[in-house]
Amino acid sequence: MGEIMPKQKKRISFSLRLFWSVFAIFLAFITCFLIFQYQREREFAQEKLNIVLTNYNHQLFYRLSQTDNQEKTIKDFTQEIPQHDIRITIISPEGKVAFDNSGAENLDNHNNRAEVRKARSGKEGYSVRSSGSTGKRYFYSASNIDGYIYRTALPYDMYVKDVLTINFDFIYFMLFMTLLFFFVLSRFTFSIGKTISKLRDFALNVDTDHISEVRYTFPDDELGDISQNIITLYQQQQKAKDEVSMEREKLIKHFQYSKEGFAMFTADGREILSNNLFIQYLNLISDTRIDQTEGALGIEELKPIAHFLNSNIHNPNRKKQVLPESVTIDKEGKIFLIECILFLDNTYELSINDISRQEEETRMKRQLTQNIAHELKTPVSSIQGYLETIILNPGLSEEKKRFFIDRCYSQSSRLTDLLRDISVLNRLDEASDMFELSEINIARLIGEIQKECSKEMDEKKISAEAILPGNPSVYGNYSLLYSIFRNLFDNAIAYAGEEIKITINCYREDAKFYYFSFSDNGIGIDEEHINRIFERFYRVDKGRSRKIGGTGLGLSIVKNGINFHKGHIYAKSSPGKGVTFFFTIKKRV
């Protein structure tokens, strides 16, 4: 079989580059090893000398503990050992020099010396340095005995240098091994080079699908030829991956803006993706707060879904097909349809759809006109009645007239508040793009509201706690964010009862949203009312609400303010357990 060999430019062969690369790495390793071994030999020599001096330290301690004549004992000791010029220092626990035979004066605190610090922490320590007292260079060895440091030091002279001399035999041995490795590696790499050349030809033949016809295209080197083939395959796969990624991004965007809660999980229950409605719906269904989507299957109401997944994911006899399951939950006046789809690879998705929402919206629109007329009629009728009384009774006393005029003013103020709130809601519905945006610190905003409400809270012995990890900040409209939290505070103060606690918690944060809960431990709201409290003019206790005051639009403004900030709000309550509002606010509107 003939080979067609294109003209090839000169280049350094792969085998040569492999050889020099590996040999350079080996040389680097040998260099590091020699440095390490040199340091080790040096430390070993120092430790040998340190052992001798440490022994002297302990002998000194023993001799001094047997006599009261310290100076004579130390002098006799220095005459007995071979190193007569040894320096001996005794340091108290406070760092003061109790004795030093160097003749240095004005000795300062010695606890900062390197060998002393080591002895303080580990009983023994040594160092080679110049003395701060005499200016001479010493080899120091310090021992910590009963809190006192016994330190001996030898001048860094020929004797010490000789003791610390390193044996260089290991260097000659490593040089010999380097030469041996050079010859063995050269034979090995050139053999690999020939093998790689053959693999290159085979890879190119497979790529062209012409095994019997040899056609070569040469990159810079043999491995480059193989790499080029791999890169071509990779580029094809990358193109397909980009197309799949684009479709996946479209799908994720669809789920993020969907009207239903959605989450997808791996076979072992770890989240793949979810939208913010999913965690909100979970908290409405669950009797305990859910912070992570992985806690969905632990909710009592979702036990049928959990049983369905467990029985099919771990079933070896399961037919390989996509399996659906659904359950309907009626919770606190809301009806949720929960659907689960188990895929072939045992990943699964959960969707939560509030199927009561459309009916609620229809009913709210039907009642809105009636509520507006009713709410406007009450103050207008009162004002008209009081004025008619004044007009038809010219003989009324000034005190009576004043009383009726005050009542007229009170009802007109209520009418003004009502029209103002209706105006805010109309702006949100029809001209939301007219609201100015700025950066608002939520903690500072809540702090201002607490100060403003402090009088009413003190009168009812109400406490408040704000748990805001990460110091959340929102780019939105100040007046609407103020209205959201102020109306929630006013609602709790007015209706939750006395001696309660209000808790504001930013319990979760993702790339786009903050997740808040606003709760109290007051009297709560019956289930029949909880899903209607955001309706305009809806009152749980109409008689008590009118007596306390308010327009009946506060929570409706809260909901619309949150909608303006691209979030959602839901309420959860039961009598005697207080009310909790779960809502999200987008970080940047």
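The values are calculated or read from the model by the stated rules, or taken from the named source; none is laboratory data. Treat the numbers as computed from the prediction; the structure is a model and nothing was measured. FYI the Cβ positions are ideal-geometry reconstructions off the backbone, even for glycines, and counts take in every protein chain you see.
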Report every pair of residues separated by at least 6 positions or lying on different chains whose Cβ atoms are under 8 Å apart, first residue within region 387-408 and touching a residue at least 24 places away in the same chain (Cβ under 8 Å), second surrounded by 12 or more Cβ atoms within 10 Å (Cβ to Cβ). Arg407/Ser382; Arg407/Tyr386; Cys408/Ser382; Cys408/Ile383; Cys408/Tyr386; Cys408/Leu387
What are the residue pairs meeting all of these: first residue in region 145-156, first residue closer than 19 Å to Glu94 by Cα, second residue aliphatic (A, V, I, L, M) and assigned to a strand (DSSP E or B), Cβ atoms under 7 Å, and 6 or more apart or on different chains? Tyr148/Ile90; Tyr148/Ile91; Ile149/Ile91; Ile149/Ala142; Tyr150/Ile90; Arg151/Ile91; Arg151/Ala142; Thr152/Ile88
Which of the residues that make up region 138-165 are closer than 13 Å to Asp85 by Cβ and in a strand (DSSP E or B)? Tyr138, Phe139, Thr152, Ala153, Leu154, Pro155
Name every residue in region 127-136 that is in contact (Cβ under 8 Å) with a residue 24 or more places away in the chain and either in a helix (DSSP H, G or I) or surrounded by 14 or more Cβ atoms within 10 Å (Cβ to Cβ) (or both), in order of residue number. Val128, Ser131, Ser133, Thr134
Number of the exception - Ile81 against (1) without any contact (Cβ under 8 Å) to a residue 24 or more places away in the chain; (2) of a type outside the set (S, T, N, Q); (3) closer than 27 Å to Arg42 by Cβ: (1)
Residue count, region 472-494, condition outside any helix (DSSP H, G or I) and out of contact with any strand residue (DSSP E or B) (no Cβ under 7 Å at 6 or more places or on another chain), comes to 1
Flagged in region 309-325 as farther than 29 Å from Tyr507 by Cβ and in a helix (DSSP H, G or I), in numbering order, are Ser311, Asn312, Ile313
Answer yes or no: is there a residue in region 283-301 that is in a strand (DSSP E or B), surrounded by 14 or more Cβ atoms within 10 Å (Cβ to Cβ), of a type in the set (D, E, K, R) and modelled with pLDDT under 90. no
Please find, among Asp458, Asp429, the residue that is at pLDDT 90 or above and out of contact with any strand residue (DSSP E or B) (no Cβ under 9 Å at 6 or more places or on another chain). Asp458
Number of the condition not met by Gly497 [criteria: (1) over 30 Å from Lys253 (Cα atoms); (2) touching an Asp or Glu at 6+ places or on another chain (Cβ under 8 Å); (3) assigned to a loop (DSSP other than H, G, I, E, B)]: (2)
Any pair with Cβ under 7 angstrom, 6 or more apart, that starts in region 434-450 at a residue that is within 12 Å of Leu481 (Cβ to Cβ) and ends at one that is of a type in the set (Val, Ile, Thr): Leu437/Val589; Ile440/Val474; Ile442/Val474; Ile446/Ile504
For region 117-126, state whether one or more residues are in a strand (DSSP E or B), of a type outside the set (Asp, Glu) and over 51 Å from the mean Cα position of the chain (by Cα). no
How do the pairs read when you match residues in region 490-505 that are among the β-branched types (Val, Ile, Thr) with residues anywhere that are in a loop (DSSP other than H, G, I, E, B), using Cβ under 6 Å and keeping only pairs 6 or more apart or on different chains? Ile500/Ile462; Ile500/Asn521; Ile500/Gly522
Please find, within region 251-280, the residue that is surrounded by the most Cβ atoms within 10 Å (Cβ to Cβ) out of those that are closer than 15 Å to Leu309 by Cβ, in contact (Cβ under 8 Å) with a residue 60 or more places away in the chain and not aliphatic (A, V, I, L, M). Phe265
Would a scan of region 109-123 turn up a residue that is among the hydrophobic types (A, V, I, L, M, F, W, C), surrounded by fewer than 17 Cβ atoms within 10 Å (Cβ to Cβ) and over 30 Å from Phe182 (Cβ atoms)? yes
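Conditions (1) at pLDDT 90 or above; (2) of a type in the set (Gly, Ala, Ser); (3) surrounded by 16 or more Cβ atoms within 10 Å (Cβ to Cβ); (4) under 34 Å from the mean Cα position of the chain (by Cα), marked per residue:
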position	(1), (2), (3), (4)
Pro316	no, no, no, no
Lys320	no, no, no, no
Pro324	yes, no, no, no
Asp330	no, no, no, no
Gly333	no, yes, no, no
Cys340	yes, no, yes, yes
Leu344	no, no, no, yes
Glu349	yes, no, yes, yes
Asp354	no, no, yes, yes
Given (1) polar (S, T, N, Q); (2) at pLDDT below 85; (3) under 30 Å from Asn312 (Cβ atoms), number of the condition Thr378 does not satisfy: (3)
Looking at (1) surrounded by 13 or more Cβ atoms within 10 Å (Cβ to Cβ); (2) under 30 Å from Thr178 (Cα atoms), find the lone condition where Leu49 falls short. (2)
When restricted to Thr78, Thr67, Thr54, Thr31, the only residue farther than 30 Å from Phe173 by Cα, among the β-branched types (Val, Ile, Thr) and surrounded by fewer than 14 Cβ atoms within 10 Å (Cβ to Cβ) is Thr67
Sole residue being more than 30 Å from Tyr126 (Cα to Cα) and either among the hydrophobic types (A, V, I, L, M, F, W, C) or modelled with pLDDT under 80 (or both), chosen from Phe26, Phe99: Phe26
Looking only at region 530-545, decide whether some residue is without any contact (Cβ under 8 Å) to a residue 40 or more places away in the chain, surrounded by 13 or more Cβ atoms within 10 Å (Cβ to Cβ) and β-branched (Val, Ile, Thr). yes
